[in-house]
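**Q** Got a structure for you, questions after.
The values are calculated or read from the model by the stated rules, or taken from the named source; none is laboratory data. As the structure is a prediction and not an experimental result, all values here were calculated from the model. Ideal geometry is used to build each Cβ from the backbone, glycine not excepted, and the neighbour counts take in all protein chains shown.
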Amino acid sequence: MFKKILIANRGEIAVRIERACHELGIMTVAVFSDVDRNSLHVRLANEAYPIGPAPSRESYLRIDKIMDVARRAGCDAIHPGYGFLAENAELPRACADAGITFIGPSVEAMEAMGSKTAGKQLARRADVPTVPGTDTALENPEEVQALARSMGYPVVLKAVAGGGGKGMRVVANDAAFTAAWRDASSEALNAFGDARVFLEKYLVAPRHIEIQIFADAHGRVVSLGERECSVQRRHQKVVEEAPSPVVTPDLRRKMGDAAVRLARAGGYVNAGTVEFLVDAQLNFYFLEVNTRLQVEHPVTEQVTGLDLVKLQIAIAAGHRLPFAWETITPRGHAMEVRLYAEDPDNNFFPCPGKIVARHAPTGPGIRLDEGVYEGWTVPMEYDPLLSKLIAWGNSREETIARLRRALDEYTITGIRTNVSLFRRILTEPEFLRSEIHTKWLDDLLARPRPAPTSPESGIEEASAIAAAFWGATQTRNSAESGPQTTASRWKLEGRREQLDRTP
Amino acid sequence: MFKKILIANRGEIAVRIERACHELGIMTVAVFSDVDRNSLHVRLANEAYPIGPAPSRESYLRIDKIMDVARRAGCDAIHPGYGFLAENAELPRACADAGITFIGPSVEAMEAMGSKTAGKQLARRADVPTVPGTDTALENPEEVQALARSMGYPVVLKAVAGGGGKGMRVVANDAAFTAAWRDASSEALNAFGDARVFLEKYLVAPRHIEIQIFADAHGRVVSLGERECSVQRRHQKVVEEAPSPVVTPDLRRKMGDAAVRLARAGGYVNAGTVEFLVDAQLNFYFLEVNTRLQVEHPVTEQVTGLDLVKLQIAIAAGHRLPFAWETITPRGHAMEVRLYAEDPDNNFFPCPGKIVARHAPTGPGIRLDEGVYEGWTVPMEYDPLLSKLIAWGNSREETIARLRRALDEYTITGIRTNVSLFRRILTEPEFLRSEIHTKWLDDLLARPRPAPTSPESGIEEASAIAAAFWGATQTRNSAESGPQTTASRWKLEGRREQLDRTP
Amino acid sequence: MKFEVHLTGTVGTKTHVVDFEEHENGHRVTLDGKLIDADVVQVAANTISILLDGKSYEIHVTPMIDGKLKVQTGPEEFTAEVQDPRAWRGRKHGAQEAQGRQQVMSPMPGKVIRLLVNVGDEVEAGQGLVVVEAMKMQNEIRSPKKGKVERMLVSEGQNVNAGEALAWVE
Amino acid sequence: MKFEVHLTGTVGTKTHVVDFEEHENGHRVTLDGKLIDADVVQVAANTISILLDGKSYEIHVTPMIDGKLKVQTGPEEFTAEVQDPRAWRGRKHGAQEAQGRQQVMSPMPGKVIRLLVNVGDEVEAGQGLVVVEAMKMQNEIRSPKKGKVERMLVSEGQNVNAGEALAWVE
């Protein structure tokens, strides 16, 4: 087993990986940019080294700096997490050169399956159903437009190197094609340094359902079941669950087998996710392969009881998948919501800043994967994901009830978060019936909100009192100098004892 | 189902019960003493009412005040939690008079099984093996001493009304009897207002293993398996786990059947725990029944997936236990440690006070049941239990590794805690092999600590730097007025940016 | 101490008068002229716990750039404007512009990098008073009203917390 | 700024000299005369994060009743006595009694209910200086040395935080 692992990432996933390592008795090495010195992944690591300024290109995307740290610190493996360099074949290549194990698939498998077009070709060969479209990137817009016409609108343009909806455009009709092509290409260029896009038939209101696979270096490949990820805002998953309410045992077997066939065809090793679109008739179409750990991996962990990160490490160390894992039966239901530092009332604009106060929910069925703490300042330079709140329950209903309960307990002040978005989603009748698709949330948010109702009696009064009380403490404090949080708290203590005795 | 439940308790268990209620859509009513106004169970409740001064006898033990709140607030049920009034038959009696449902057993069952002596008689009738001794309290010391002689030392004296080791004395030989009798009786009187004690044969080095049972009002009684609670400090459980490493499927069935027989014999309804002593030959002896939810119930929840508090509420509402529950198969392994505000270096003296800073562990396999938050002052008047840290894993080894990892992450400053005790227990070879018994921890703590070794290089240097750094900020701060925490943090931010650039 | 609170929610703006009145055995809270049973505690930064007739509310108060307060409790959210008690004489109701002595607060923790006015200066509503830098962004804190700078409570280079008073405009 | 730190652990007491030295591009940290690569940040109250030659340490510093510090990191725990830099001339090594100007800190958050001495008073080692009340308990904060009260930093009725300086004894 490895002695020391470098985690080439930051935020909650770096913390998640450090935890797995520490539980395995493996030393952890963190890397950090200038604005991440105080971040939790640095505090929890055994070692931590600076790798440059805040912008990712100058730090977290700098393979040279990361390999340099790995050598200096004497690491025998590197875990890339997700995002940043996780799907960049240059990192495993550099690892191979340095004689350091990359915790993930081989360079070849990553290239064979990572890009959307290559993945699609592989899927065809492996007899995995795919969405009609072009396998290869086409340089010439006119040519692509002709194809789109013959295929029939709506179609979708996607970046070859893409992910997370960047460089992706849905084209409703022929007139909109040229603009969409331009936008997709330039966005792809900015996001991935690769302007190439390809064409696909656009499925109306499909579900996004993905299969978690694991393959060891000894030829065994297993499916750990599906995740339902249809609740997306602008192609970004925001709520994920397992199992999917619509997947039947038969469909689960079919999708699992297809995913395993694909992995075998690509000579894939370690953790991977095969994403499918599923239409109303429960036909499934290959979408793409993510050759890495997924943000939403915890929902699979909660229902299978497996620790996917430890599993990744074991496989990278050459261990075999025990046959028992093939017979894993999911238990209960798990659901994850992604809490972001963004303002749902202001078009989900990112709201970094200092976390002034914070109270996190705990208790039965609640898991929190996060990289934040009270007093920490959320940097503006990175993805504003604060925490992943994951609930488990015996039924989907219990799981949702626990999520709601936990969201009610979760308080974070100083920055805005998207908690209210989940309060809403988790009470929407369509969501509760799981009548959802990849556009469902965007449609919901586009709909006019139901007419506002007066808050239940008491809330307004209490709010007025709180505002006045705040004013009172401020007035008192303004007489003094220095920061006041602590001071006012003390004063209030005094005041409280008196208020208690109010008739 | 109930509309509004009063929780006649405080601290982590009150919070735990509120969470279950909120997940069921039931309104919660908290009660609080003067020192608990800021406590988490008050903040999280839908309603909260003061019931008097800090001392329990004037607040949390005042049935009249609690019933008064229940009536005023229109509650249709009361949950007693554990401790305080949980095993006082006067509360269910008062509930019956007020037409409010008591979430727990009937008055009769509580009296028939609650007291150690009555429980023992019942056990004999139900053909459940018991430890040799007197069934009834004996008033006359000489008489008891004679019995002790005939039975042979060591023997143990226990308070009839007792629990948690109060009013309990082990008597090694005849000479020690009189003093032990005096101490046990007076301690029992102070603790429970009932001086009566009884006599039992004292088993050497037994394990404490208990069975969680559930019974509905329709005659069904099920066992949810055992909990291993042998790690105790002065008869107080500090580490609990499920399943027990020594319990075989056959023994599990036998103990479960015995517990169910006992519950049937007592006409028991709702959640209960039958405690057994198990000797080296795996013979088990009935110890006592706890007619309430146990502190350590979460370990059973983690392996069965059931929510025992919700189950209690459902049964109290007259629901049936579905037959499926009889076939519950535990999954993986769960372990709980009880974090107390006490000083392990100073004879575990309670250390209440203000929690200045706090960082709680989260992530895979970790559950925290607690009633504390940063900035809250732990009152000196009550049990100093801060949090129950519970880990789940696929194996006992993974569970212990996760507990260790979580304990390393758990930081709490401003007060002392017993975290270091668990760091030690979780690395003791005997514990890892589960070669433990109810005296194991006391013996361990009595043993001379292994010779101190110098800390690994770096730790001492870092500590010296931290101390000097603290001194530096203090010196700087002392020039200013007002509390300094925030101010110094800001200064350090400034300093940090510079330090980062240190060669 | 009497406060007028203009509370704006999804269903419009309402005005409440809250009075924290000292008396022999502590404080009494009066809301819109009625003495009420309210127990008010700040339990954490920006977090106020209120027991109102037994109902437990947890309310988060966050000052905003314009000196108003964002007041949140669970799903409900209001914007509150709190009128300083000393500005009690002769204000017009429902006026567009803040009335009386206004306290200008920092909406975020940060560092005061520039004072734009001095005590005694006449300022327009919306005129910048102080520049607070946070997360590499400079935020100009503006006057909520036309009036005179009565007090500057911070100096350049000073670090301030969210909600800390910066100046008074009379 | 130079500090002498007497660090007492399970294996006895060692003394280290730590120097935080300003220079053009920031601070340099010298430990026992050697310039070291140390990055020091306070990340939370009582919690200091140190990167020492890349190793990450999280250290909790808690002032104690006697003005000494409890220094904890993971399983390791030390008692530290920090010598004020201004007391640099002519101290004897390993002296039993604290030397030089001593800063007396409050070991817990609480309220100053009584001042027992005035500036200028001569005090004995162990003599009470201030009474701080916390959790209904009155704690007399004593002088770590024989000397003269040079400064009283708090007044009666004032609330203090853990680690807040109360007085200086020269």
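**Q** What are the residues in segment A:226-243 that are in contact with a Gly (Cβ under 9 Å, 6 or more places away or on another chain) and surrounded by 24 or more Cβ atoms within 10 Å (Cβ to Cβ), if any?
**A** A:E226, A:A242
**Q** Another question, then. Can you tell me which of B:A20, B:A30 is within 14 Å of chain A (Cβ to nearest Cβ), under 26 Å from A:E456 (Cβ atoms) and not in a loop (DSSP other than H, G, I, E, B)?
**A** From the options B:A20, B:A30, the qualifying one is B:A20.
**Q** Condition test on A:G74, is it in contact (Cβ under 8 Å) with a residue 60 or more places away in the chain, out of contact with any helix residue (DSSP H, G or I) (no Cβ under 9 Å at 6 or more places or on another chain) and more than 9 Å from every other protein chain (Cβ to nearest Cβ)?
**A** Here the answer is yes, as A:G74 does meet what is asked.
**Q** Specify which of the listed residues (B:R62, B:R57) is without any contact (Cβ under 8 Å) to a residue 12 or more places away in the chain and surrounded by 17 or more Cβ atoms within 10 Å (Cβ to Cβ).
**A** B:R62
**Q** Quick one: would you say A:N88 is polar (S, T, N, Q), within 14 Å of chain D (Cβ to nearest Cβ) and out of contact with any Gly (no Cβ under 8 Å at 6 or more places or on another chain)?
**A** No, not satisfied.
**Q** Among the residues of segment D:103-152, write down those that are within 14 Å of chain A (Cβ to nearest Cβ) and at pLDDT 85 or above.
**A** Correct list: D:V112, D:I113.
**Q** Still on this model: Could you list, in sequence order, all residues of segment A:356-382 that are crowded, with 21+ Cβ neighbours inside 10 Å, more than 11 Å from chain B (Cβ to nearest Cβ) and either touching a strand residue (DSSP E or B) at 6+ places or on another chain (Cβ under 9 Å) or outside any loop (DSSP other than H, G, I, E, B) (or both)?
**A** Of everything in segment A:356-382, just one residue is crowded, with 21+ Cβ neighbours inside 10 Å, more than 11 Å from chain B (Cβ to nearest Cβ) and either touching a strand residue (DSSP E or B) at 6+ places or on another chain (Cβ under 9 Å) or outside any loop (DSSP other than H, G, I, E, B) (or both), namely A:V378.
**Q** Within segment B:399-417, how many residues turn out to be among the polar types (S, T, N, Q) and modelled with pLDDT of 95 or more?
**A** The qualifying residues number 1.
**Q** Further question on the same structure: Kindly provide the set of residues from segment A:339-354 that are of a type in the set (D, E, K, R) and either in contact with a Pro (Cβ under 8 Å, 6 or more places away or on another chain) or closer than 8 Å to A:R416 by Cα (or both), ordered by number.
**A** Within segment A:339-354, A:E342, A:D343, A:K354 qualify.
**Q** Looking only at segment B:395-409, which residues are touching an Asp or Glu at 6+ places or on another chain (Cβ under 8 Å), touching a residue at least 60 places away in the same chain (Cβ under 8 Å) and either under 17 Å from A:E301 (Cα atoms) or hydrophobic (A, V, I, L, M, F, W, C) (or both)?
**A** Residues satisfying the conditions are B:E398, B:T399.
**Q** Among the numbered criteria (1) surrounded by fewer than 24 Cβ atoms within 10 Å (Cβ to Cβ); (2) without any contact (Cβ under 8 Å) to a residue 40 or more places away in the chain, which single criterion is violated by A:V42?
**A** (1)
**Q** Something else about it: So B:W392 passes all but one of these: (1) touching a Pro at 6+ places or on another chain (Cβ under 6 Å); (2) at pLDDT 95 or above. Which condition number does it fail?
**A** (1) is the only condition that B:W392 fails.
**Q** Can you pull out the residues in segment B:425-477 that are more than 14 Å from every other protein chain (Cβ to nearest Cβ) and touching a residue at least 60 places away in the same chain (Cβ under 8 Å)?
**A** Once the filter is applied, which keeps residues that are more than 14 Å from every other protein chain (Cβ to nearest Cβ) and touching a residue at least 60 places away in the same chain (Cβ under 8 Å), segment B:425-477 yields B:F431, B:S434, B:I436, B:H437, B:T438, B:K439, B:W440, B:L441, B:D442, B:L445.
**Q** Test each condition in (1) under 18 Å from A:N394 (Cβ atoms); (2) more than 14 Å from chain A (Cβ to nearest Cβ); (3) touching a Pro at 6+ places or on another chain (Cβ under 9 Å) for B:G267 and report the one that comes out false.
**A** For B:G267, the exception is condition (1).
**Q** Just give me the residues in segment B:202-225 being surrounded by fewer than 18 Cβ atoms within 10 Å (Cβ to Cβ) and within 24 Å of B:L444 (Cα to Cα), in sequence order.
**A** The answer is B:V204, B:A205.
Here's the yes/no breakdown for (1) farther than 16 Å from B:A316 by Cβ; (2) surrounded by 15 or more Cβ atoms within 10 Å (Cβ to Cβ); (3) at pLDDT 95 or above; (4) of a type in the set (D, E, K, R):
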residue: B:D76; (1), (2), (3), (4): no, yes, yes, yes
residue: B:H79; (1), (2), (3), (4): no, yes, yes, no
residue: B:G83; (1), (2), (3), (4): yes, yes, no, no
residue: B:P92; (1), (2), (3), (4): no, yes, yes, no
residue: B:T101; (1), (2), (3), (4): no, yes, yes, no
residue: B:G104; (1), (2), (3), (4): no, yes, yes, no
residue: B:V107; (1), (2), (3), (4): no, yes, yes, no
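**Q** Sticking with this structure for a sec: Which numbered condition trips up B:A123, out of (1) without any contact (Cβ under 8 Å) to a residue 40 or more places away in the chain; (2) outside any strand (DSSP E or B)?
**A** (1)
Rundown of residues vs (1) among the β-branched types (V, I, T); (2) touching a Phe, Trp or Tyr at 6+ places or on another chain (Cβ under 9 Å), yes/no style:
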site	(1), (2)
B:G81	no, no
B:D97	no, no
B:K116	no, yes
B:A123	no, yes
B:D127	no, no
B:T134	yes, yes
B:A137	no, yes
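**Q** Quickly run through segment A:249-308 and pick out the residues that are surrounded by fewer than 22 Cβ atoms within 10 Å (Cβ to Cβ) and of a type in the set (K, R).
**A** Within segment A:249-308, A:R252, A:R253, A:K254, A:R261, A:R264 meet the criteria.
**Q** Here is a follow-up. Out of the residues in segment B:279-302 that are within 13 Å of chain A (Cβ to nearest Cβ) and of a type in the set (V, I, T), state the one that is nearest to B:E241 (Cα to Cα).
**A** B:V299
**Q** Sticking with this one: Just checking, how many residues over segment A:126-144 are at pLDDT 80 or above, closer than 20 Å to A:A195 by Cα and either of a type in the set (G, A, S) or part of a helix (DSSP H, G or I) (or both)?
**A** 5
**Q** Taking segment A:331-355 as the search range and keeping residues that are at the interface with another protein chain (Cβ under 7 Å from one of its Cβ atoms), in contact (Cβ under 8 Å) with a residue 40 or more places away in the chain and in a loop (DSSP other than H, G, I, E, B), which one is farthest from the chain's Cα centre (by Cα)?
**A** Only one residue fits best here, namely A:G332.
**Q** Something else now. In segment D:4-18, which residues are more than 8 Å from chain B (Cβ to nearest Cβ) and either at pLDDT below 90 or under 19 Å from B:E456 (Cα atoms) (or both)?
**A** D:H6, D:T8, D:G12, D:T13, D:T15
**Q** Here's something else I'd like to know. Take the residues of segment D:43-52 that are at pLDDT 90 or above and at the interface with chain B (Cβ under 8 Å from one of its Cβ atoms): which is surrounded by the fewest Cβ atoms within 10 Å (Cβ to Cβ)?
**A** Per the criteria, the residue is D:L52.
**Q** Inside segment B:12-21, can you point out the residues that are in contact with a helix residue (DSSP H, G or I) (Cβ under 7 Å, 6 or more places away or on another chain) and more than 17 Å from B:A73 (Cα to Cα)?
**A** B:A14, B:V15, B:R16, B:I17, B:R19, B:A20
**Q** Does B:L499 count as over 28 Å from A:E374 (Cα atoms) and either buried (at least 19 other Cβ atoms within 10 Å of the Cβ) or at pLDDT 50 or above (or both)?
**A** no
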